[in-house]
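The values are calculated or read from the model by the stated rules, or taken from the named source; none is laboratory data. What you see is a predicted model, and the numbers here were worked out from it, not measured in a lab. Ideal geometry is used to build each Cβ from the backbone, glycine not excepted, and the neighbour counts take in all protein chains shown.
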Amino acid sequence: MPEISASPPEEQPALKKSLTVFDGVSILIGITIGAGIFTTPSIIAGYQASFYSIILFWIGAGLFVMIGGLIYAELGTRLPNTGGEYVYLSRAFGPYVGFIFGWAQLFIIRTSPGAGLSLAAAYYIGTLVDLGAKGETLVALCIIFTLGTLNYIGVKRASMYQNISTLIKVGGLFLLAVAGLMMLGGQESQLATKVPPTATLGPIGNVGALMMLVVFSYLGWDRVGYVAGEMKNPQRAIPLSMFIGISIIIVLYVSTNLIYHHTLGMEGVRASKTVASDVATILFGPVGAAFVTLLAIFSTTGSINGTTMAAPRVYYAMAKDGLFFRWFNYVHPRFRTPSHAIIAHCVWAAVILLVRQNFEQIVAGMTFAILIFYGMTTLALFKMRREHIGDQQCFRMPFYPVLPAIYLIGIVSLIAVRGYFEWQNSLVDLAFIATGIPFACFWCRKPGKRELQR
């Protein structure tokens, strides 16, 4: 892509500070609850023998994510600038590390979910209207660019859809869980059923693969910091958004898994590709299945919209620092959004969709890649604490340094297990991230790049 000169920095309009705690919670929940809770439980059931061991992993992963949320809350209030991990990593370790993160964001980590979730939404729409393979692809592309347009014309419009879709998905999942538990009164519980695992990676390998899927279902909580520069009071909004949002998600995921396994049992969950729809059909009939289908559509499109709100701010922040295409360093004079970065995000998501056209292939390796950067941001917290970076009026996470140390050990363990048991796929993922190294050498040595302020 050729570089196109942006307006001089002094002529650039500033991003509008309009987001509140409610918006932050909506972004977090809206991005996190996508297709994961509707697709991963049936795969996860193949890695364990009983529901009780599986639910412990869901709860444990939720608490693990809560620690990550506290880490990101402190980092986000120490450096309350638009860009999230890019800002934290660049400030702690320099522009090279920040650039590699931003490169991975654009080319795999954030655009891949947009492509995969749009295809998942098209699949759900296809259960209501016969689309065919080409029709599903066309609908998925329309979803990407419709939500991109919504974000292009204003963050408040995008956040409005985020709030609406979040209320629908949260309310719908709560309704499914509560109504489902009420309907189970006359049915025999299947929670105690046990069957041998079908996966063949061994006890440790099965746990590692299972945790990758569970963590994938929780991904999205980290995106709140991306829009810190557009929050009215980030020192208050970021910690509250993290704590409230992650707590709600843990309750929803545990409740939903409980209703799945209570209704279908281990073998039934494993055999189902649309577990939520199958459970709703058993409990409520065809009307219940249609309800879950609509819920899944809102969940997937809400997740795409949240990522489209958050991720382009990283590309914009990089370009503003002189570390990416200058064309991305542009705020629309009327809509006050990073419009060029939003266009690039949507176009690349469409390219991934057209090239791969398979949900599982699109999301493969994303969790592995993002865990690497989660580990780096945790190290960034230790460094900022030691150097007193942004100490003034920042949120300080409790039980430091014990909690972040536990979190870091967990991340390294997951990366090591996946790297050992699936070393070929892991090497491919690492190689893809490494393609940004020569570009980092070019941009990070360019004269005129802006250093992050202390």
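Which count do you get for residues in region 17-58 that are more than 22 Å from residue 240 (Cβ to Cβ) and in a helix (DSSP H, G or I)? Can you show your working first?
Let us first name the residues in region 17-58 that are more than 22 Å from residue 240 (Cβ to Cβ), namely 34-58.
Okay, now just the ones that are also in a helix (DSSP H, G or I), so 36-47, 51-58.
Residues meeting the conditions: 20.
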For residue 96, which of the numbered conditions (1) modelled with pLDDT of 85 or more; (2) under 30 Å from residue 276 (Cβ atoms) fails to hold?
-> (2)
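From the residues in region 369-405 that are among the hydrophobic types (A, V, I, L, M, F, W, C) and loosely packed, with under 13 Cβ neighbours inside 10 Å, which one is nearest to residue 76 (Cα to Cα)?
Going through region 369-405, the residues among the hydrophobic types (A, V, I, L, M, F, W, C) turn out to be 369-373, 376, 379-382, 384, 389, 394-395, 397, 399, 402-403, 405.
Narrowing further to those that are loosely packed, with under 13 Cβ neighbours inside 10 Å: 399, 402.
Details: 399: 18, 402: 20 Å.
Here the answer is 399.
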Going by the structure shown, is residue 223 touching a residue at least 24 places away in the same chain (Cβ under 8 Å), buried (at least 17 other Cβ atoms within 10 Å of the Cβ), charged (D, E, K, R) and in a helix (DSSP H, G or I)?
-> yes
Go through region 418-439 and give me each residue that's buried (at least 19 other Cβ atoms within 10 Å of the Cβ) and among the aliphatic types (A, V, I, L, M).
-> 433
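Just the residues that are in a loop (DSSP other than H, G, I, E, B) and buried (at least 18 other Cβ atoms within 10 Å of the Cβ), please, taken from region 190-215.
Across region 190-215, the qualifying residues are 190, 197.
For (1) of a type in the set (Val, Ile, Thr); (2) touching a Gly at 6+ places or on another chain (Cβ under 6 Å), each residue gets a yes or a no:
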residue: 29; (1), (2): yes, yes
residue: 32; (1), (2): yes, yes
residue: 77; (1), (2): yes, no
residue: 86; (1), (2): no, yes
residue: 98; (1), (2): no, no
Which ones in region 421-436 are of a type in the set (Asp, Glu) and in a helix (DSSP H, G or I)?
-> 429
Among (1) farther than 16 Å from residue 378 by Cα; (2) assigned to a helix (DSSP H, G or I); (3) at pLDDT below 90 - the single one residue 74 does not satisfy = (1)
One residue from 123, 152 being farther than 24 Å from residue 355 by Cα, surrounded by 17 or more Cβ atoms within 10 Å (Cβ to Cβ) and of a type outside the set (D, E, K, R) = 152
Flagged in region 326-343 as in a helix (DSSP H, G or I) and surrounded by 22 or more Cβ atoms within 10 Å (Cβ to Cβ), in numbering order, are 328, 340, 341, 342
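If the requirement is being in contact (Cβ under 8 Å) with a residue 60 or more places away in the chain and in a loop (DSSP other than H, G, I, E, B), which of these qualifies: 353, 379, 414, 323? Give the steps one after another, and end with the answer.
Working: 353 fails: in a loop (DSSP other than H, G, I, E, B); 379 fails: in a loop (DSSP other than H, G, I, E, B); 414 fails: in a loop (DSSP other than H, G, I, E, B).
323 is the lone residue from the list that is in contact (Cβ under 8 Å) with a residue 60 or more places away in the chain and in a loop (DSSP other than H, G, I, E, B).
Does residue 258 qualify as being surrounded by fewer than 17 Cβ atoms within 10 Å (Cβ to Cβ) and more than 30 Å from residue 337 (Cβ to Cβ)? Write out each step before concluding.
Details: surrounded by fewer than 17 Cβ atoms within 10 Å (Cβ to Cβ): no; more than 30 Å from residue 337 (Cβ to Cβ): yes.
In short, no.
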Which numbered condition residue 90 fails, given (1) over 19 Å from the mean Cα position of the chain (by Cα); (2) surrounded by fewer than 24 Cβ atoms within 10 Å (Cβ to Cβ) | (2)
In region 152-177, which residues are under 19 Å from residue 277 (Cβ atoms) and without any contact (Cβ under 8 Å) to a residue 24 or more places away in the chain?
-> 171, 175
